[in-house]
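What follows is calculated from the coordinates using simple rules that are stated; it is not laboratory data. Since this is a predicted model, take the numbers as computed values, not measurements. A quick note on method: Cβ atoms are made from the backbone with ideal geometry, for glycine too, and the neighbour counts reach across all protein chains shown.
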Amino acid sequence: MLDFKTELKKYQPILDIEDVEENIHSEEIKDIIDLLQYLSENNKN
Amino acid sequence: MECPNCKSKSIKGYICNSCGVDIFTFSKSIKVSNLLYNKGLEKANNLELSFAIELLCQSIEFNKNNYYSRNLLGLIYYETGRIGDALKQWIISSNLVKTNNIAMSYMHIIQNNPDDLYSKNEAVVHYNKALDCLNKKNTDMAITDLKKAITINPNFLNAINLLTFCNLIIGNKSEALNLITKALKIDKNNKITENYHLTITGTPPKQTIESQRQKILSQNLTPPPSAVEPKMKRYSFINFFHIISFIFGSVIMLALMFFFIIPGSVSDMEQQILHSNNEIERISLDYTNFRVESDTRITELLEDNENLYNTLTELRLQINIATQNDRINEARLILAANPLEAAELLYEIDLSLIEEENLEEIIQFRDSTFLSAASSLYNSGLQQYNLGNFEISVGFFERSLRFAEAQPEDLVFIDDIIYFLGRIAQHGQEYERAASLFLQLITEFPDSNVFSQASERLHEILSSNSEQDMEND
């Protein structure tokens, strides 16, 4: 049997095209390379 | 060798002297990102779009500048109706690489078809509304919005899955199955869709079974043997055997309990009983000892009490003796001056308290004092009687009688006292008292000198009473 609340949590609102620009600016994607750079800068200091 | 990050050639070991980055790890990250992109591409070609999205997202996490991953991810989002996410990826990709980037052409196409873009966005709006309605448990409104979204964009996978879910809620399984089929055509092996299929039918969708079978075959594994229904007889034999085994096991269990567990329990209980009995005995013994001690103590206390009482009695006796001796001595002292008072003092003494050796002397002293006092009082009473002061004379006569009672044989005027008291009573019309006194005199003093007078007075009283009785009648 499906649990309503549990199942519903799998669905999230989809990005509207009007919110794309705002979403890009607010997002700060960090990948592993950024992490490595951060670590290297810390080592230098 | 140049640094993949800053393109510097100043490298020491694996560390770039210019930017300080670990070149080995850096290069690995990029390789992994590319590998994930390739896998994502493979999945996308196989229409396993959910897996492809996962892999491409991971690729971006390893290298956010991997615009290939972003372009493909955007494409998949566009295909499945997630317009905003698609645009986002393409915009970022085009910012990363401005030339020879397919993302630019995608965006051109979209910009050249604004109706298509806005209609697909409207589908997104309907979807978001439907989600909002479902959060408020308004399933009907949600279904309406989702149907609109799917009508606008038939490949809107999220909307199809959500509509499937709504149909499951309202119990419309046939419609749900239709939607599941539709979704699986767009995205094979979508986990949410498969889950819904499993919920309705109890089995995963055919596509999943097919792909699993292909996986097994591709790994050169032998397929599992098909299940064969056992024959009824064999099933019955196994059941009977199990029953026998159960019974046998039960018997062994009971035997083990009887020989090992129960004796142990019984032994424990016996120990407890023994301990309890010992405790009871101890308590009984303690109680007995306590009783004995208490009785002994009570006896001792009673003895002490008795001793104290005896001592107190002795002391009281000694006090009384001392008091009596004081009285006697005082009586001796005042006898000459006040014989009446001396007699009063001696009247109070208790002869039993007098020592044996002194008793006779004290008795003689008392008697002589009483005699003297009685005589004195008689004379005073007679004097007052002759004066007609009967009340005063009564007092003297009665006091005299008191002392006279101690030694009546020595006092010759007792009969006179009784006679005079009788006369006074007669005079005061106390005939009963008078008669009583005259009768006493006649009875106790037959040789009295006032015998005849007493008899006459008594006769008078009795006669007057009988006359009065006759008058009353």
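Which entries of B:K7/B:K39; A:K5/B:K64; B:K39/B:K64 have Cα-Cα distances beyond 26 Å here? Write down the numbers at each step before the final one.
Values: B:K7/B:K39 28 Å; A:K5/B:K64 34 Å; B:K39/B:K64 17 Å.
Too far apart for the 26 Å limit: B:K7/B:K39; A:K5/B:K64.
Once amide H atoms are placed 1.01 Å from N in the peptide plane, what residues at a sequence separation of 5 or more from B:I15, or on another chain, have their amide H within under 5 Å of its amide H?
Distant-sequence amide H within range of B:I15: B:I23.
With only alpha-carbon atoms in the gyration tensor, what are the semi-axes of the equivalent ellipsoid for the protein assembly as shown, in Å, largest first? Intermediate values should be presented prior to the final figure.
Details: eigenvalues 4294, 285, 252 Å².
Rounded to whole Å, the semi-axes are 147, 38, 35.
Restricting things to alpha carbons, find the Rg to Rh ratio for chain B using the Kirkwood radius for Rh.
Working: Rg = 70.7 Å, Rh = 38.7 Å.
In chain B, Rg relative to Rh is 1.82.
Taking θ as phi - 60°, what are the ³J(HN,Hα) couplings along segment B:171-183 by the Karplus curve (6.51, -1.76, 1.60), each to the nearest whole Hz, with x for Gly and Pro?
Running phi through 6.51 cos²θ - 1.76 cosθ + 1.60 with θ = phi - 60° gives x, 8, 6, 5, 5, 4, 5, 4, 5, 4, 4, 4, 5 Hz.
Angle check, please: helix B:390-404 long axis (alpha carbons) against the longest principal axis of chain B (alpha carbons), in degrees 0 to 90, nearest 10.
The two axes meet at around 80 degrees.
Please tell me the relative contact order of segment B:305-463 in percent, rounded to the nearest whole number, where contacts are Cα pairs under 8 Å and at least six residues apart. Display every interim value, and only then the final one.
Numbers: 142 pairs, mean separation 20.7, N = 159.
It rounds to 13 percent for segment B:305-463.
How many Cβ atoms of partner chains, on average, are near each residue of B:122-129 if near means within 10 Å of its Cβ?
Mean partner shielding for this stretch: 3.
Just name one of B:N138, B:C16, B:Y118: the one whose Cα is farthest towards the positive end of the charge dipole of segment B:1-153 (beta-carbon charges, Lys/Arg +1, Asp/Glu -1).
B:C16
Sort B:29-38, B:359-368 for me by packing, meaning the mean count of neighbouring Cβ atoms within 10 Å per residue, highest on top. The partial results should precede the final answer.
Numbers: B:29-38: 18.3, B:359-368: 14.7.
Taking the mean over residues of other Cβ atoms within 10 Å, the ranking is B:29-38, B:359-368.
Ordered by residue, what ³J(HN,Hα) values in Hz, to whole numbers, does segment B:89-99 give under the Karplus form 6.51 cos²θ - 1.76 cosθ + 1.60, where θ = phi - 60° and Gly and Pro are x?
So the J values, rounded to whole Hz, are 5, 5, 5, 4, 4, 5, 6, 6, 10, 8, 10.
Just to check I understand the Karplus step: with θ = phi - 60° and J = 6.51 cos²θ - 1.76 cosθ + 1.60, what whole-Hz values come out for segment B:360-376, glycine and proline as x?
Once θ is set to phi - 60°, the couplings for segment B:360-376 become 4, 4, 5, 4, 4, 4, 4, 4, 5, 5, 4, 4, 4, 5, 4, 5, 4 Hz.
Which of the aspartates and glutamates could a cross-linker bridge to B:K129, judged by Cα under 13 Å and excluding same-chain residues fewer than eight apart?
Filter leaves A:D16, B:D140, B:D145.
Could you tell me which of the pairs A:K30/B:K147; B:K137/B:K185; B:K43/B:K98; B:K28/B:K182 are separated by over 32 angstrom between their Cα atoms in the structure shown? Can you show the working numbers first?
Numbers: A:K30/B:K147 38 Å; B:K137/B:K185 29 Å; B:K43/B:K98 27 Å; B:K28/B:K182 40 Å.
Result: A:K30/B:K147; B:K28/B:K182 exceed 32 Å.
Dipole size in debye (nearest 20) for chain B around its Cα centre, Lys and Arg Cβ +1, Asp and Glu Cβ -1? Display every interim value, and only then the final one.
Numbers: 41 positive and 60 negative charges, 2556 e Å.
Result for chain B is approximately 12280 debye, rounded to the nearest 20.
Going by average Cβ density within 10 Å per residue, which order do the peptides B:298-310, B:40-52 take, highest to lowest? Let's see the in-between values first.
On the way: B:298-310: 10.0, B:40-52: 18.5.
By packing density, highest mean first, the sequence is B:40-52, B:298-310.
Assigning unit charges at the beta carbon (Lys, Arg +1; Asp, Glu -1) and nothing else, what dipole magnitude in debye, to the nearest 20, does the protein assembly as shown show about its Cα centre? Each step should come with its number before you reach the end.
Numbers: 46 positive and 72 negative charges, 2268 e Å.
So the magnitude is around 10900 debye.
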